[in-house]
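Novice: Take this structure first; my questions come after.
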Amino acid sequence: MTTTKGLEGVVATQSSISSIIDDQLTYVGYKIDDLAENSSFEEVIYLLWNQKLPAKTELDAFKAELAENMKLPDAVIDHLRSYDLSTVHPMAALRTAVSLLGLYDEEADVMEPDANKRKAVRLQAKIATIVTAFARIRKGKDPVQPKKELGYAANFLYMLNGKEAKDIEVEAINKALVLHADHELNASTFTARVCVATLSDIYSGVTAAIGALKGPLHGGANERVMKMLTEIGEEENAIPYIKEKLENKEKIMGMGHRVYRNGDPRAKHLKRMSEELTKITGQPKWFNMSVKIEEYIKENKGLPANVDFYSASVYHSLGIDHDLFTPIFATSRVSGWLAHILEQYDNNRLIRPRAEYIGPNTQDYAAIENRG
Ligand SMILES: CC(=O)SCCNC(=O)CCNC(=O)[C@H](O)C(C)(C)COP(=O)(O)OP(=O)(O)OC[C@H]1O[C@@H](n2cnc3c(N)ncnc32)[C@H](O)[C@@H]1OP(=O)(O)O
Ligand SMILES: O=C([O-])CC(=O)C(=O)O
């Protein structure tokens, strides 16, 4: 048996959803740059789930379907009100709320393809409502009902802030949602596929995936990037801070990638957005210090910035609480998880690799009174 630590380079499945070839990312064959510049998040979800871009009438119907499904069961809101939100990380709350949502979906365990697609719509619609309701309830505010006439990104900000967002803010969130939607067999998507390959249900698959995304080596990095920028505080502190971290063999959050070696094609879009937004807010230091860090790490470690790096200063500039950064990632990535879950069901086989045993050789069993 040969083992590959972290399964690096192992091709574990075939997929028609997204691809990374020579550092280029495509969704169903469409370049990420074109989608980031031109598409609404709803168009991208439709693309990932249907393998085609929607015609205008199809998109309008899909947007309406999502907007109609955003409302949460009262029991989920009651649950969010029932514990001490000041001590709970929003990713933990989201993980539990998505699992709970499954208890209120009569079709949760119905495995027919049409039922699975209906559940996908409900989950995608409701995840934005869970994240924003959590954010408001913990500040002692009531959740805000979505507006049917608003798109997904605009509704997200409306439900979060209780007022309609400016165009540039909606553009920033829409772009972030498009850029984070899918990414081949990343850790959380793999988790979702492993889970549902046992023929478990969609809610279990997404709950498992949220758990995997939460970690700092994956989606949880974006919150840590902002923690780092906040600790640095001023531009002139950036390089000494990074040098010290590297000397202590600590990882710099938002840097490096398992697949991309020369650069993450999503990062430049968020970098431009960060530059624009930090100028508007009169806080260019967050962008400037990010650029310094990116250049230093590229030059000294040969590592590129990943998608999490500039998303931090983008979300911060929109006034979003730092611990909501990863839940926003989840709000986008659930579209990819669901696409992969549906693809897995379509052509399923249990995912069950092997482990190379490196423990003690066969041992003689000793009765408890004879053990040292
Ligand atoms: C959406 C996403 O999930 S994107 C990734 C988000 N995660 C982060 O930003 C966390 C920081 N980055 C990392 O931890 C890593 O680069 C990962 C997890 C993304 C990729 O990890 P791997 O492919 O397993 O690379 P691995 O961790 O083995 O690193 C290889 C070498 O580069 C170094 N390295 C990798 N990333 C970093 C980093 N961010 N800062 C400093 N050194 C790093 C490692 O220390 C290691 O050096 P060594 O060979 O001298 O020991
Ligand atoms: O693909 C990965 O390993 C991590 C990543 O960038 C993502 O999930 O977007």
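The values are calculated or read from the model by the stated rules, or taken from the named source; none is laboratory data. Predicted model, so just to flag it, every value in this text is computed and none were measured. In this analysis, Cβ positions are derived from the backbone assuming ideal geometry, glycine residues included, and neighbour counts consider all displayed protein chains.
Novice: In this structure, does ALA221 turn out to be within 13 Å of ligand 2 (Cβ to nearest atom) and buried (at least 20 other Cβ atoms within 10 Å of the Cβ)?
Specialist: yes
Novice: Take LYS119 and tell me if it is away from ligand 2 (no atom under 16 Å from the Cβ), assigned to a helix (DSSP H, G or I) and farther than 22 Å from ALA312 by Cβ.
Specialist: Judged against the criteria, LYS119 is a match.
Novice: Can you say whether ILE17 is of a type in the set (A, V, I, L, M) and exposed (fewer than 10 other Cβ atoms within 10 Å of the Cβ), as far as the supplied structure shows?
Specialist: No, not satisfied.
Novice: While we're looking at this one, here's another question. Looking only at helices (runs of 4 or more DSSP H) that lie completely in the stretch 146-202, which have at least 1 residues being within 16 Å of ligand 2 (Cβ to nearest atom) and surrounded by fewer than 22 Cβ atoms within 10 Å (Cβ to Cβ)?
Specialist: Output list reads 187-196.
Novice: Out of (1) within 16 Å of ligand 2 (Cβ to nearest atom); (2) among the polar types (S, T, N, Q); (3) in the same structural domain as TYR104 (by TED's automatic domain parsing), the odd one out for THR207 is which?
Specialist: Failing condition for THR207: (1).
Residues checked against (1) acidic (Asp, Glu); (2) farther than 18 Å from LYS117 by Cβ; (3) part of a helix (DSSP H, G or I):
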{"position": "ALA36", "(1), (2), (3)": "no, yes, yes"}
{"position": "ILE45", "(1), (2), (3)": "no, no, yes"}
{"position": "PHE62", "(1), (2), (3)": "no, no, yes"}
{"position": "MET70", "(1), (2), (3)": "no, no, no"}
{"position": "ALA75", "(1), (2), (3)": "no, yes, yes"}
{"position": "SER86", "(1), (2), (3)": "no, yes, yes"}
{"position": "ALA93", "(1), (2), (3)": "no, yes, yes"}
{"position": "THR96", "(1), (2), (3)": "no, yes, yes"}
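Novice: Just one of LEU246, LEU303, LEU277 is within 16 Å of ligand 2 (Cβ to nearest atom) and of a type in the set (A, V, I, L, M, F, W, C); which is it?
Specialist: On inspection, the qualifying residue turns out to be LEU303.
Novice: Continuing with this model, one more query. If you go through the stretch 276-322, how many residues are within 10 Å of ligand 1 (Cβ to nearest atom) and among the aromatic types (Phe, Trp, Tyr)?
Specialist: Looking only at that region, the number is 1.
Novice: When you scan the stretch 333-350, how many residues do you find that are among the aliphatic types (A, V, I, L, M) and in contact with a Ser or Thr (Cβ under 8 Å, 6 or more places away or on another chain)?
Specialist: Final tally of qualifying residues: 1.
Novice: Could you go through the stretch 101-114 and let me know if any residue there is closer than 30 Å to PRO216 by Cα, among the β-branched types (Val, Ile, Thr) and either out of contact with any Pro (no Cβ under 8 Å at 6 or more places or on another chain) or surrounded by 13 or more Cβ atoms within 10 Å (Cβ to Cβ) (or both).
Specialist: No, because not a single residue in the stretch 101-114 is closer than 30 Å to PRO216 by Cα, among the β-branched types (Val, Ile, Thr) and either out of contact with any Pro (no Cβ under 8 Å at 6 or more places or on another chain) or surrounded by 13 or more Cβ atoms within 10 Å (Cβ to Cβ) (or both).
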